[in-house]
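The values are calculated or read from the model by the stated rules, or taken from the named source; none is laboratory data. The structure presented is a predicted model; accordingly, all values stated were derived computationally and were not measured. No Cβ is skipped: glycine too gets one built from the backbone with ideal geometry, and neighbour counts run over all protein chains shown.
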Amino acid sequence: MSSIDHPLPAYRSSPWVQAVGALAERIGLWPAVALMTVASTLLSLLVCMLIASVYPPLSVIRMVQMSLAVPTIIAPPIFFVIFRLIGDLNMTREALRQIANHDGLTQAHTRRFFMEAVNTPPPGATVAPQAPDSILLLDIDDLKQINDRHGHLLGDVVLRAVSDTCRRHLRSRDLFARFGGEEFVILVTEAGGDLVQAIAERIRRAVAELDIRDSAGRQVRVTVSLGIAYSDRRVLGAGAELIQQALGLADQALYAAKRNGKNRTEFARLGDWMLIPV
């Protein structure tokens, strides 16, 4: 998983719910229930003693007995249900985070996640502002023909294989996402033109060497075309306008790769709008 893994979550529970949930996670469900039961019992005892001091005719002993008995009986099941609900809520939030952040088929990040991530870099980033970033668009060549000829199940196998290949050749700080259909996008951080070009070529060659076979055992040839927009400054967190410009350049470079025969990489420098064949 990419180290750039911060966006998502608009929901925030109240501080009380967060504190209670943290307590249950730290010491366990039943110890937390017991601790909260003791706390509520002591609170009940204090309140009853104050009431008894105001109304002397009431039996202090009886008030103490009631203050101990009532919360001891009622509190455990109530706190048990509360803690269970908080635990279920946390698990549900994590499941929703995974669904929102990752494509179900390829396990790449989603387009939504990518756009949020590049617009809002993680806090505490130490990379210098002038460090170069690059946007790389990758498209699987002729996936429609593969689907038509071999079926969509094999097409799904191709998508997963290409996604896995890309992740194997990227660094933990790079951001990889499925942009839609057979297209993927990569933010290669802190990488000059030579490095990002080398990464793109490694991915392209590795995909071409994939051993994917149809139901009859025949090998299916899979290739990808790539378009790179290279910048001499930060793209991550630089703002929507620069990001859209970089994506537009990478898209033009990708189309150039398609026009020039596919299974190749085209390279563009952000700002000069010139496409340079690799």
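Residues checked against (1) under 25 Å from the mean Cα position of the chain (by Cα); (2) modelled with pLDDT of 75 or more; (3) part of a helix (DSSP H, G or I); (4) within 30 Å of Asp164 (Cβ to Cβ):
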residue: Tyr11; (1), (2), (3), (4): yes, no, no, no
residue: Trp16; (1), (2), (3), (4): no, no, yes, no
residue: Ala34; (1), (2), (3), (4): no, yes, yes, no
residue: Leu43; (1), (2), (3), (4): no, yes, yes, no
residue: Ile51; (1), (2), (3), (4): no, no, yes, no
Within segment 164-207, considering residues that are assigned to a loop (DSSP other than H, G, I, E, B) and acidic (Asp, Glu), the one nearest to the chain's Cα centre (by Cα): Asp174
Single condition Leu226 does not satisfy, out of (1) surrounded by 14 or more Cβ atoms within 10 Å (Cβ to Cβ); (2) of a type outside the set (S, T, N, Q); (3) without any contact (Cβ under 8 Å) to a residue 12 or more places away in the chain: (3)
Condition met for Ser134 (surrounded by 12 or more Cβ atoms within 10 Å (Cβ to Cβ), in contact with a helix residue (DSSP H, G or I) (Cβ under 6 Å, 6 or more places away or on another chain), at pLDDT 80 or above and of a type in the set (Ser, Thr, Tyr)): yes
Count - residues of segment 100-122 that are among the acidic types (Asp, Glu) and not in a helix (DSSP H, G or I): 1
Lone qualifier among Leu153, Leu175, Leu170 - being out of contact with any strand residue (DSSP E or B) (no Cβ under 7 Å at 6 or more places or on another chain) and more than 10 Å from Thr106 (Cβ to Cβ): Leu153
Residue match in segment 181-193 (condition: surrounded by 15 or more Cβ atoms within 10 Å (Cβ to Cβ), touching a strand residue (DSSP E or B) at 6+ places or on another chain (Cβ under 7 Å), at pLDDT below 95 and among the hydroxyl-bearing types (Ser, Thr, Tyr)): no
Boolean, Asp139 is at pLDDT below 85 and of a type in the set (D, E, K, R): no
